[in-house]
Amino acid sequence: MRGGAALWVLLHHAKQSVDHFVSNMGPQPWFEHGYFGVDFFFVLSGFIIAFAAQRMVERGRGLSDYAKARVIRIYVPYLPVGIAMYFLYLLLPGMSESDRSPSVLTSLTLFPDNQPPALSVAWTLVHEMMFYVLYSIFFVGRRSFRIIFCLWAVAILFFYWQGVVLPLAARYLLSPINLCFVLGVVIFQTNRRVQVRGFLLLPLVLIGVGLVIWQTMTAVPNRILVAAGFGCMVWAAASPVSAKLMPWRWLMALGAASYSVYLVHNPLLSFLVRLVPQGVSVGIAYCAISATALAGGMAYWYFYERPMLVRVRNWVNGWRRAETGTA
C-alpha cells in the first residue's frame, strides 16, 4: 500500500510535467488526483508512529530512542536530495518554471518557515516532523499527551471552520491535512481494542477502496471521504487475518523504497521531461519518464538509503554502547 501511494504521487507529477512540457494529456482523473497518495501517507504515518511508540514503551525504551529513530529515518535519506536541490536553485534560479524562493531553513532542516523548501515534496516532511515532535510528548506523560493531542485536533478544526488564513509556518501545524495523522492514531488505538475479524475484513476493504475510487472519479473530491477510505484500508491491513497474507516480493520492495521514490522522483521528472524529443507521442513520453523516475528512486534506495541507514544506525548504537560502557 505504501509503495502504491508513492507510485500514485509519481504518476500525478509525471502528468503535470508532460502536460506542461510535451502536450496536454487531457482529463485523467486517476493521475490528476494522485496527490491523494499524500493523504494515505499521513494516515499510515499516524498509525505507524502510534504503534512504534507504544512498542518502545512496552520494551522499556524512552524519548531519546524515539528521537534518534525518527531523526535517522527522516534525515539520512532526505538531506542529500534537499541540500542538492537548494544549491541547485541557488546556482540556477531560472531552473524552475514557477517563481520559487526556497527557504534555507526549511530546505536544510525541515523546520517550518514562511517560504517553501527547495524540494517541492518536502513540505509533507515538515508536517511529518511536527507530528513527530508532538508525539514525543507521549514519552513524557500519557495524560498530558492525550490532552495536548486532542487540543491540537480541536484547534485544527476551529481554524478550518473559521476560515482563518494563516502564514505558511503556522499552516504546517494547523492545516486540516494533519487530521490524517490524527485518524491514523485513532485507528491504531481502535485496533488495539477492536480488531477486524474475518467476516468484517472484506466489507471494510470494499468500503475503503470504494470511497477512494468514488472520490478519484469525482471532479471536486471530498478529502474527508478520501481519508476515511484510506483509514478503512489501514484498519483492515492491521487485522490478524491480513497478517497471514504474503504480499508479492516486488510490492514489498516498492514499499521499502517508497521514501526514496518520493524524494527523488520530482527532480528526476523535471530533468527527464526536458529531454523528450519533439514529435514523441504524449503516451510514450509519459510512460518513459515515469518508468525512469521510478527506477531512479529504486536505485537511490538500493545504493544509498538502505546501506546508509544501516551504517548510521550501527554508528549510533556503537557510540551509545561506548558511552554507557556496555559490550
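Every number in this text was worked out from the coordinates using simple rules, so none of it is lab data. This structure is a prediction, so every number in the text was calculated from the model and none was measured. Quick reminder, even Gly has a Cβ in these numbers, built from the backbone with ideal geometry, and neighbours come from all protein chains shown.
Please compute, for the alpha-carbon atoms of the chain, the extent along each of the three principal axes and give them in descending order in Å.
The Cα atoms of the chain stretch 61, 51, 47 Å along the principal axes, largest first.
Placing +1 at every Lys and Arg Cβ and -1 at every Asp and Glu Cβ, with all other atoms neutral, what dipole size does the chain have around its Cα centre, in debye to the nearest 20? It would help to have the intermediate numbers written out before the result.
Numbers: 25 positive and 11 negative charges, 280 e Å.
The dipole magnitude comes to about 1340 debye.
Select from Gly62, Gly255, Gly279 the residue whose mean-square fluctuation is largest in a Gaussian network model of the chain (Cα-Cα springs shorter than 10 Å).
Judging by the Gaussian network model, the answer is Gly279.
State the three equivalent ellipsoid semi-axes of segment 179-245, derived from the C-alpha gyration tensor as the square roots of 5 times its eigenvalues, in descending order and whole Å.
Semi-axes (√(5λ), whole Å): 22, 15, 7.
Name the most mobile residue of Phe47, Phe139, Phe36, meaning the one with the largest mean-square fluctuation, in a Gaussian network model of the chain with Cα contacts below 10 Å.
In this elastic network of the chain, the residue with the biggest mean-square fluctuation among Phe47, Phe139, Phe36 is Phe139.
Of the peptides 235-246, 307-318, how do they stack up when ordered by the mean number of other Cβ atoms within 10 Å, highest first? Each step should come with its number before you reach the end.
Working: 235-246: 14.7, 307-318: 12.2.
Result, highest mean Cβ count within 10 Å first: 235-246, 307-318.
Starting from the Cα-Cα distance between Leu105 and Phe199, subtract it from 0.36 nm times their residue separation and give me the gain in nm to one decimal. The partial results should precede the final answer.
Numbers: separation 94, 0.36 × 94 = 33.84 nm, distance 5.03 nm.
Extra length available between Leu105 and Phe199 comes to 28.8 nm.
Springs between alpha-carbon atoms under 10 Å, Gaussian network over the chain: tell me which of Pro117, Pro176, Pro29 tops the mean-square fluctuations.
Highest fluctuation among the options: Pro29.
Using +1 at the C-beta of Lys and Arg and -1 at the C-beta of Asp and Glu, which of Met25, Gly4, Val57 has the Cα lying farthest in the positive direction of the dipole of segment 1-71?
About the Cα centre, the residue reaching furthest to the positive side is Val57.
Helix by helix, which DSSP H runs in the chain go 18 Å or more along their axis at the Cα atoms and have an average Kyte-Doolittle hydropathy of 1.0 or more? Please list the in-between numbers first.
Numbers: long enough: 2-21 (29 Å, 0.03); 36-58 (34 Å, 1.43); 63-91 (39 Å, 0.96); 123-135 (19 Å, 0.90); 142-162 (30 Å, 1.03); 179-193 (21 Å, 1.05); 198-216 (28 Å, 2.07); 223-237 (21 Å, 1.66); 258-273 (22 Å, 1.08); 282-300 (27 Å, 1.42); 306-324 (27 Å, -0.92).
Going by DSSP H runs, the hits are 36-58, 142-162, 179-193, 198-216, 223-237, 258-273, 282-300.
For Ile83 and Trp250, calculate 0.36 nm times their separation in residues minus their Cα-Cα distance, and state this gained length in nm to one decimal.
Numbers: separation 167, 0.36 × 167 = 60.12 nm, distance 3.02 nm.
Between Ile83 and Trp250, full extension yields 57.1 nm more.
Would you calculate a helix-derived [θ] at 222 nm for the chain, using -39,500 (n - 2.57) for each DSSP H run of n ≥ 4 and dividing by the full residue count, to the nearest 500? Write out the running numbers ahead of the final one.
On the way: 16 runs with 238 residues, N = 327.
Roughly -24000 deg cm²/dmol at 222 nm, from the helical runs in the chain.
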